[in-house]
Structures are given as C-alpha cells and as structure tokens.
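Working notes, beginning with the structure itself.
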Amino acid sequence: MDVPDYDKALYYTLWGQWDDLLVLMVRTEDDLLSKKIQTFLNAYHFATDQQRVINSHEALLCYVDHAMKHAPATFVIEV
C-alpha cells in the first residue's frame, strides 16, 4: 500500500522523527510541503525563540491538514 506524503509528514511530525521528515522533505513532489518542512526543521534546530518553533510547527500541521482534505483517497477500507 502506498502511503501519501501528507500522512507520512503528519506521522513523522507528531512522533518527532526528524531524520525521516528530512528525507520526506527532499523526496516529496509537493514544493509547498517541502518548504513547510524545511522551515520547521530549521526553526527546531536553530531558532533561539520558542515561539518561532511553535509557529512553524503549527503552519506545517495546518498545511498537512488542508492538503489531506483535498487529496484524493488512495485506498478504500471495506468493513
């Protein structure tokens, strides 16, 4: 099963898997997602202001949430 980049971004962000998030940033075809990840990782590693980290984290999660609402479903779960 193919897992969309947005699901991966959400998972890696929530569980603090920064190395995997960096790899996703490089491999994704969504330029805006890549930029949001880059901004967050840069703030996380280099920012001295905690609010900058929080804002970039929120921006990444908001973008992922927005993109997931508009992305086509890739699989169907049958009950």
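Computed from the coordinates by the stated procedures, all read-outs in this text should not be read as laboratory data. Since the model is a prediction, treat every value here as computed from it, not as a measurement. Cβ coordinates were reconstructed from backbone atoms using ideal geometry, including for glycine residues, and neighbour counts include every protein chain displayed.
Relative to the Cα centre, the charge distribution of the chain, modelled as +1 at Lys and Arg Cβ and -1 at Asp and Glu Cβ, gives a dipole magnitude of about 240 debye. Expressed in units of 2.2 N^0.38 Å, where N is the residue count, the Cα radius of gyration of the range 5-70 is 1.01. Name the residue farthest towards the positive end of the dipole of the range 5-70 from the options Tyr11, Thr48, Leu61, assuming +1 on Cβ of Lys and Arg, -1 on Cβ of Asp and Glu, about the Cα centre. After comparing all options, I get Thr48.
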